[in-house]
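Participant: Below: one structure in structure tokens.
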Amino acid sequence: MTFDPWRAYTYESKANRAMFTGVMSIESKYHVTEAELVTETAEIEAARRDPAKFAPLYNRYYARLLGFIYQRVATKDDAYDIASQTFIAALENIGKYKSQGVPFSAWLFRIAINELNRFYRRAKVRQAINIDDTQVEDILQELGEENSAVTDERLAKAMQQLEQDEMQLLEMRFFEKRPFKEVCDILEISETAAKARVYRLLEKLKTIYTSLV
Amino acid sequence: MDKYNINRNRDPLTPEDVQKGKDFDTFMKAYSARPKPFWGSKTMYMSIATVGIIAVVAGTWVVMNNSESTTPTENPKTAFVTPPLEGLDVKDTTYFVDAAAGADFIYKTGSFIHVPQNAFVDSAGNPVSGKVEIHYREFHNTAEIFLAGIPMTYDSAGSRYHFESAGMLEITAWQNGRPLKVNSASQINVAMASDTADQKYNVYYLDTTAKNWNFIAKDKAVVAGFVADSTKTKPLSVADVAPPVLPSKADKAKHSFVIAFEPSEFPELSVYKGVRFQVDETKTPYNKKDKNIQWEDVNIARNADRKSYTVTFMQGANKSTYVTGVVVDEANYAGAMKVYNQKYEEYQTALKKKQDDILTAMSNHENQLMNADARRIFVNDSVLSMAMAARRANVGDAKENMVMREFIIRNFGIWNSDCPASLPQGPEMFVQFIDSKTKKEIQLSRVFLVEKGKNAIWTFYASDFAKFRFNHDAENLVWAMTSDGKLAVVSTDAITKGLDDMAKAKGDDKDKKLKLEMEVASSSTLTGVQASLMLGI
């Protein structure tokens, strides 16, 4: 058998899916429909030729990107600046974007993570974590703990001991409730690897949390 | 000191907040006014002279300080299974199953996964109910194994063996983000479609904790197919009905070729006039030098996506390969679209008929018989038919039967149908790896020797470079990863050249070194096409 580099990225054709209906379950690998992907690919192609044609992509993703960034910084002004830098970097590098089934949004978020890291280094600020009571309760539940002022404080201390990549995973998976597929697309890892990392992260958080009791 | 600034219950962004920052015109002004990249700028050229001087000084320092340099060692934190190139690992397919009910699945290669009722337990050994996710993938050739980062050496009784594979699989199960274990009382069975019927293989399980393969049992290849019967018709498959190829209008700014092809080989193209093969430069950049070469032969291969074609020009050992799309010239475009629309309608009708035929055939279990082995694996003809259809559509294997290898999944993880392969026969040599561009030696911690036609990867560590050996009568390749994460490859031709140079070199044979020139990727990030072209498989 010859090596087909695309084999890993292709999935069963529509015809095959129709044939297998009722016999097996095949999960769609995408967050967007094929039609949306086609439209988006055309928009990306247009923006490659003429940056002014970037408008549809900018308008579609601005709110989501701003929200993603705002979750990770302290002020709205910082979020606006980093969102602008992210879109500039995206447009500069749009020629390098290759879909391979990964939605454009995931690629944008990857760039945003780079811009955020640059911001933390340059501004010498600590990464901001924005979390509400429900999210704290959810995490405590994952750790098998009841919510109280004591456990709440202990969790905050435990979170301080997580590495940046672990915190990134915690934010995406538990605070932002992103599906595993999207987390994989953003972090460029396989779904199995993502799940293994989340599992290890929870184990680590639990170990640290328990050590603080 | 705290690492993070944790804020609680902050107000979320309002639509007004979003609108305040969302202004495409302002964004475009900022984009236009941004500092231009350094590369190619005047500043860059002015800086080169200065950098050059510094580089000479720094270079001298590096050489002096590396005179006793040791071979780079691998990062001890590196995971046991580590894909060497980002984004090129073999992706997995996700299946969902109700744990209490179980289910059967057919993977794209035709492999059959049987999940019995109550097959899962949690980490504490408690039975699991509800929806479970199964992640499944397979590895069938050296490139897939290499790109997945799966170790192909096996340590047993103090000796290291290398593996030759008849196929590998990875299966894991998850619920709510947590890994599950196999219920030993209700184990999953996988009948993995294999590319070889050879009976020399064993079943191994990769123990990632002990970092070694565990021998499980002797493997047995089983041929699953339909009994030869004059009344038997070919198994039905929707893959037999191919959609028409949608031609694009030729882009004069892009390079394209007019190639006289055999209409019977490419009936989907022969219906159009003025067909050209237009280079897809996002996958294979156009080489201007090719235009001036008098090519002797050309090969056109239809790609799995059924839209693009790989065109290879040949002149002796010289080859040039392009991924192309089908286009027609402007004069014939309107006519081509008319033909396409008509063919598309015919395709839809034929597809519907084929699907109906398949459903009819599936409901009639008496119209085909399976042989005894196949019957043991597949529940009925319909399932076998579907497995073969999947294999035909995704792997391109048009055989009338499938070689299956059975795995009883006792633990989730990587399972392998392998046999220990001895090192290739050939004289031992002291090998050095040289960057083909800089002509400087590359320090590598290990290299992987691949012999075309064998599904094996032989690993040589730096300590083995003084006794490197390979079969001189075979076509060999050497793959490696540089210390800065770039793919480096010694081609078959470079090995031949290295042997020739070594033979011509003066001095005693025992003092001679085999110098192999490696092509080093310009970046640690490669596309699938770039990687496959470099790997040469």
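The values are calculated or read from the model by the stated rules, or taken from the named source; none is laboratory data. Predicted model, so just to flag it, every value in this text is computed and none were measured. Because the Cβ atoms are built from the backbone with ideal geometry, glycine has one as well, and the counts that use them run over all protein chains shown.
Participant: Every residue in the stretch A:133-147 that is closer than 23 Å to A:Glu163 by Cβ and in contact with a strand residue (DSSP E or B) (Cβ under 9 Å, 6 or more places away or on another chain), please.
Facilitator: The answer is A:Val136, A:Ile139.
Participant: Let me ask something else about it. Only one residue in A:Val102, A:Val150 is under 18 Å from the mean Cα position of the chain (by Cα) and either away from every other protein chain (no Cβ under 12 Å) or closer than 22 Å to B:His135 by Cα (or both). Which one?
Facilitator: A:Val102 is the lone residue from the list that is under 18 Å from the mean Cα position of the chain (by Cα) and either away from every other protein chain (no Cβ under 12 Å) or closer than 22 Å to B:His135 by Cα (or both).
Participant: Give all pairs with beta carbons closer than 7 Å in which a residue from the stretch B:294-313 that is within 14 Å of B:Gly325 (Cβ to Cβ) meets a residue that is loosely packed, with under 14 Cβ neighbours inside 10 Å and of a type in the set (A, V, I, L, M); count only pairs at least 6 apart in sequence or on separate chains.
Facilitator: Sorted first by the residue in the stretch B:294-313, then by its partner, the pairs are B:Tyr309/B:Ala301; B:Thr310/B:Ala301.
Participant: Could you grab the pairs with beta carbons closer than 6 Å, sequence gap of 6+ or different chains, first residue in the stretch B:1-27 and at the interface with chain A (Cβ under 7 Å from one of its Cβ atoms), second one acidic (Asp, Glu) and assigned to a loop (DSSP other than H, G, I, E, B)?
Facilitator: So the pair list comes out as B:Asn9/A:Asp132.
Participant: Which condition breaks for A:Asn130 when tested against (1) surrounded by fewer than 19 Cβ atoms within 10 Å (Cβ to Cβ); (2) within 17 Å of the chain's Cα centre (by Cα)?
Facilitator: (1) is the only condition that A:Asn130 fails.
Participant: Still on this model: Which of (1) modelled with pLDDT of 50 or more; (2) part of a loop (DSSP other than H, G, I, E, B) is the odd one out, the single condition A:Arg48 does not satisfy?
Facilitator: Evaluating A:Arg48 over (1) modelled with pLDDT of 50 or more; (2) part of a loop (DSSP other than H, G, I, E, B) leaves (2) as the failure.
Participant: Something else now. Which members of the stretch A:37-48 meet the condition of being out of contact with any helix residue (DSSP H, G or I) (no Cβ under 7 Å at 6 or more places or on another chain) and within 11 Å of another protein chain (Cβ to nearest Cβ)?
Facilitator: If the condition is that a residue be out of contact with any helix residue (DSSP H, G or I) (no Cβ under 7 Å at 6 or more places or on another chain) and within 11 Å of another protein chain (Cβ to nearest Cβ), then A:Glu45 is the only one that fits.
Participant: Just to be sure, is A:Ala63 surrounded by fewer than 21 Cβ atoms within 10 Å (Cβ to Cβ), more than 9 Å from every other protein chain (Cβ to nearest Cβ) and not β-branched (Val, Ile, Thr)?
Facilitator: no
Participant: Now for a different question. Within the stretch B:203-230, count every residue that is of a type outside the set (A, V, I, L, M) and at pLDDT 90 or above.
Facilitator: Total meeting the criteria: 2.
Participant: For B:His255, only one of the following conditions fails: (1) within 30 Å of A:Tyr97 (Cβ to Cβ); (2) within 14 Å of chain A (Cβ to nearest Cβ); (3) modelled with pLDDT of 85 or more. What is its number?
Facilitator: (2)
Participant: Right, something else. Out of the stretch A:71-107, which residues are touching an Asp or Glu at 6+ places or on another chain (Cβ under 8 Å) and free of Cβ contacts under 8 Å to residues at least 12 places away in the same chain?
Facilitator: A:Lys76
Participant: In this structure, does B:Ile53 turn out to be out of contact with any helix residue (DSSP H, G or I) (no Cβ under 6 Å at 6 or more places or on another chain), closer than 24 Å to B:Lys486 by Cβ and at pLDDT below 85?
Facilitator: no
Participant: Please work out if B:Asn75 is surrounded by fewer than 18 Cβ atoms within 10 Å (Cβ to Cβ), modelled with pLDDT under 80 and more than 14 Å from chain A (Cβ to nearest Cβ).
Facilitator: In short, yes.
Participant: Let me ask another. I'm trying to understand the selection: among the residues of the stretch A:66-85, which are more than 7 Å from chain B (Cβ to nearest Cβ) and either farther than 23 Å from B:Lys3 by Cβ or assigned to a helix (DSSP H, G or I) (or both)?
Facilitator: Within the stretch A:66-85, A:Phe68, A:Ile69, A:Asp77, A:Asp78, A:Ala79, A:Asp81, A:Ile82, A:Gln85 qualify.
Participant: Same structure, new question: Any residue in the stretch A:177-200 that is out of contact with any Phe, Trp or Tyr (no Cβ under 8 Å at 6 or more places or on another chain), of a type in the set (Gly, Ala, Ser) and touching a residue at least 40 places away in the same chain (Cβ under 8 Å)?
Facilitator: Checked the stretch A:177-200: no residue is out of contact with any Phe, Trp or Tyr (no Cβ under 8 Å at 6 or more places or on another chain), of a type in the set (Gly, Ala, Ser) and touching a residue at least 40 places away in the same chain (Cβ under 8 Å).
Participant: Looking at the stretch B:264-272, can you tell me whether even one residue there is in contact with a helix residue (DSSP H, G or I) (Cβ under 7 Å, 6 or more places away or on another chain) and modelled with pLDDT of 90 or more?
Facilitator: yes
Participant: Could you list, in sequence order, the residues of the stretch B:439-478 that are of a type in the set (Asp, Glu) and touching a strand residue (DSSP E or B) at 6+ places or on another chain (Cβ under 6 Å)?
Facilitator: Answer for the stretch B:439-478, where residues must be of a type in the set (Asp, Glu) and touching a strand residue (DSSP E or B) at 6+ places or on another chain (Cβ under 6 Å): B:Glu441, B:Glu451.
Participant: A further question on this structure: Specify the residue that is modelled with the lowest pLDDT; the eligible residues are those in the stretch A:86-105 that are of a type in the set (Gly, Ala, Ser), surrounded by fewer than 20 Cβ atoms within 10 Å (Cβ to Cβ) and part of a helix (DSSP H, G or I).
Facilitator: So, considering only residues that are of a type in the set (Gly, Ala, Ser), surrounded by fewer than 20 Cβ atoms within 10 Å (Cβ to Cβ) and part of a helix (DSSP H, G or I), the one modelled with the lowest pLDDT is A:Gly95.
Participant: Shifting gears a bit: Can you tell me which residue in the stretch B:452-473 is nearest to B:Val431 (Cα to Cα), limited to those that are under 23 Å from the mean Cα position of the chain (by Cα) and outside any strand (DSSP E or B)?
Facilitator: Looking at residues that are under 23 Å from the mean Cα position of the chain (by Cα) and outside any strand (DSSP E or B), I get B:Lys452.
Participant: So in the stretch B:341-397, with the set limited to residues that are among the hydroxyl-bearing types (Ser, Thr, Tyr) and within 30 Å of B:Phe139 (Cα to Cα), which one is modelled with the lowest pLDDT?
Facilitator: Per the criteria, the residue is B:Ser382.
Participant: All but one of (1) outside any helix (DSSP H, G or I); (2) facing another protein chain (nearest Cβ under 9 Å); (3) without any contact (Cβ under 8 Å) to a residue 60 or more places away in the chain hold for A:Asn130, so report the exception by its number.
Facilitator: Among (1) outside any helix (DSSP H, G or I); (2) facing another protein chain (nearest Cβ under 9 Å); (3) without any contact (Cβ under 8 Å) to a residue 60 or more places away in the chain, the lone unmet condition for A:Asn130 is (3).
Participant: What's the total number of residues in the stretch B:244-263 that are out of contact with any helix residue (DSSP H, G or I) (no Cβ under 6 Å at 6 or more places or on another chain), part of a loop (DSSP other than H, G, I, E, B) and not aliphatic (A, V, I, L, M)?
Facilitator: Looking only at that region, the number is 6.
Participant: If I filter the stretch A:111-124 for residues that are surrounded by fewer than 15 Cβ atoms within 10 Å (Cβ to Cβ) and small (Gly, Ala, Ser), do I get at least one hit?
Facilitator: Yes, the conditions are met somewhere in the stretch A:111-124.
Participant: Only residues that are more than 14 Å from B:His472 (Cα to Cα) and either touching a residue at least 40 places away in the same chain (Cβ under 8 Å) or assigned to a helix (DSSP H, G or I) (or both): list them for the stretch B:495-510, please.
Facilitator: Answer for the stretch B:495-510, where residues must be more than 14 Å from B:His472 (Cα to Cα) and either touching a residue at least 40 places away in the same chain (Cβ under 8 Å) or assigned to a helix (DSSP H, G or I) (or both): B:Asp501, B:Lys504, B:Asp509, B:Lys510.
Participant: While we're looking at this one, here's another question. Which strands (runs of 3 or more DSSP E) does the stretch B:134-216 wholly contain that include 1 or more residues that are within 11 Å of chain A (Cβ to nearest Cβ) and in contact (Cβ under 8 Å) with a residue 60 or more places away in the chain?
Facilitator: Output list reads B:159-175, B:188-194.
Participant: Next up: Checking the condition more than 22 Å from B:Ser320 (Cβ to Cβ) and within 14 Å of chain A (Cβ to nearest Cβ), which residue from B:Thr482, B:Thr525 passes?
Facilitator: Of the residues listed, the single one that is more than 22 Å from B:Ser320 (Cβ to Cβ) and within 14 Å of chain A (Cβ to nearest Cβ) is B:Thr525.
Participant: Give the residue that is farthest from B:Met168 (Cα to Cα), with candidates limited to residues of the stretch B:382-439 that are polar (S, T, N, Q) and within 14 Å of chain A (Cβ to nearest Cβ).
Facilitator: In this case the residue turns out to be B:Ser382.
Participant: Could you give me the residue pairs with C-beta distances under 7 Å whose first residue belongs to the stretch B:325-349 and is under 15 Å from B:Pro243 (Cα atoms) and charged (D, E, K, R), whose second residue is surrounded by fewer than 18 Cβ atoms within 10 Å (Cβ to Cβ) and modelled with pLDDT of 90 or more wherever it lies, and which are 6+ apart or on separate chains?
Facilitator: Matching pairs, first to second residue: B:Lys343/B:Val271.
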